[in-house]
1. What is region 90-240's relative contact order, in percent, from Cα pairs under 8 angstrom and six or more apart in sequence?
2. Mind listing P(r) for region 96-158? All alpha-carbon pairs, 10 Å bins, whole percents.
3. In whole Å, largest first, what are the principal axis extents of the Cα atoms in region 1-55?
4. Expressed as a whole percentage, what fraction of the accessible surface of the chain belongs to carbon and sulfur atoms when a 1.4 Å probe is rolled over the protein heavy atoms?
5. Per residue, what volume in Å³ does the convex hull of the Cα atoms of region 64-120 enclose?
6. Report, for the chain, the % of DSSP beta bridges that are antiparallel, rounded to 5.
7. Once the principal axes of the Cα atoms of region 139-240 are found, what is the range along each, listed largest first in whole angstroms?
8. Counting DSSP beta bridges with both partners in region 159-220, what percentage is antiparallel, nearest 5?
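The values are calculated or read from the model by the stated rules, or taken from the named source; none is laboratory data. Since this is a predicted model, take the numbers as computed values, not measurements. Because the Cβ atoms are built from the backbone with ideal geometry, glycine has one as well, and the counts that use them run over all protein chains shown. Please note that ligands, DNA and RNA were not included when accessible areas were found on the heavy atoms of the full protein model with its side chains. Shrake-Rupley method; radii C 1.70, N 1.55, O 1.52, S 1.80 Å.
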Amino acid sequence: MDVDWEEHGWERLGNGVGRRRLPGWDATVGLVIGEKAVLLYDTGSTLAEGAELRAQAEALTGGRRVTHIALSHPHFDHVLGTAVFAGAEVFGAVGVDELLRRERDALREDAVRQGVEESAATEAADTLVAPHHSVSGEWTLDLGGRQVLLANIGPGHTAHDLALFVPGVPEVVFCGDLVEESGEPQAGPDALPSRWPAALDRLLSLGGEGAVYVPGHGAVVDAAFVRRQRDELARRFSVA
């Protein structure tokens, strides 16, 4: 299925594959449309943003609902919209389910600190949906007429980094915040810098030289960009 992505403010990446750069933190959300199922990669920073994404996904799919959600990593600007997608099967890297249950208050506080209204952050944190399915290695999802691969690529940006590989022409890799184009990769207190370069090696092995790589923030890049960022991180954190 192909649709007019630009009409809805999205960027077309391939047949039935697109992404949107959200306002505020320039976070990426991805959408993959199959014949029987619809997968959303990340859900935004508030319930209102999630509801907007839900409406756009329905418009892009002719009224179909999102059936599967993959969470790239457990930061507020990628997960706090999940609760609006009723009935969706949610996937995350192993350990994200427990972390989100344990760290609701920390997510809310981080969102407020970064500029989300306190009432919106509280509402999203109170209704936060933890993953139903934990990915420890790789997990293939059949969306009907196409298969996609969820890969636990980390640790790196966090201890729970989940990438999405979409076969096709071109092949598309949603990287989460393991790759950033609009700024220097952010290594917060939950990052594992010494293991980040190896995570990007695995990401490159997953996608190969010809894939389109979609950062968690910023414009689409190629394998050469990912490799340069990998080398810059290795120098930055003194990793061989």
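1. On the way: 275 pairs, mean separation 27.7, N = 151.
For region 90-240, the relative contact order is 18 percent.
2. Percent of pairs per bin, in order: 19, 35, 29, 16, 1.
3. 29, 21, 15
4. Carbon and sulfur together cover 47 percent of it.
5. Value for region 64-120: 92 Å³ per residue.
6. In the chain, approximately 65 percent of DSSP beta bridges are antiparallel ones.
7. For region 139-240, the Cα extents along the three principal axes come out at 44, 24, 23 Å.
8. Percent antiparallel among DSSP bridges in region 159-220 is about 40.
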